[in-house]
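The values are calculated or read from the model by the stated rules, or taken from the named source; none is laboratory data. Predicted, not measured: the structure shown is a model, and the values here were computed from it. We place every Cβ from the backbone using ideal geometry, glycine too, and count neighbours over all the protein chains shown.
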Amino acid sequence: MLTLDLTNAPRWHDLAPGVRVQLRPLTTALMVSTRSDPAVEGLPEEASDEERAVAFAKSLARRAVLAWEGVGDADGNSIEPSPEAIDALLDVWPIFEAFQLTYVSKGLLLEQEKNASALSPNGPSAGATDTAKPVKGRARTARRD
């Protein structure tokens, strides 16, 4: 069953020990605006899947991050989220991976469910061919000891 969150409230996500971000819900509008971001659309055709994933994640994060805790500058002073700071945060590999796992992949689970194999139109065995040969006789009953 699909559970709808009708509150559409931002949520906190832990990305690393001591680092958490408050993110907008992953909505259709957010995904569409991310896909149409010039930084994503403007990638050259020969860009690798990895380059596309990084560009998409950074664009999505720039739209989704509302606040964070545990993020600071080189002097150890807390800083507020900004497009440059968000990009720098996602350049840290464990943070990027955590963002992908805790936020992006949860939003894409429904997409994966849609891509599962569907049943045949006329039932689960319609169009299927037998792979086992039919038995020649009845099986004997097991002995009771």
Exercise for the section: Return the only residue of Leu30, Leu60, Leu26 being surrounded by 13 or more Cβ atoms within 10 Å (Cβ to Cβ), in contact with a Gly (Cβ under 8 Å, 6 or more places away or on another chain), closer than 22 Å to Thr102 by Cβ and not polar (S, T, N, Q). Expected result: Leu26
Handout entry: Residue identified as modelled with pLDDT under 70 and not acidic (Asp, Glu) among Leu101, Leu109, Leu90, Leu66
Key = Leu109
Exercise for the section: May I ask you to list the residues in the range 3-23 that are at pLDDT 95 or above and either of a type in the set (Lys, Arg) or more than 20 Å from Pro81 (Cβ to Cβ) (or both)? Expected result: Arg20
Fill in the blank from the handout: The one condition Glu46 fails out of (1) in a helix (DSSP H, G or I); (2) more than 15 Å from the chain's Cα centre (by Cα) is (1)
Handout entry: Qualifying positions in the range 63-95 - surrounded by 11 or more Cβ atoms within 10 Å (Cβ to Cβ), aliphatic (A, V, I, L, M) and in a loop (DSSP other than H, G, I, E, B)
Key = Val71, Ile79, Val92
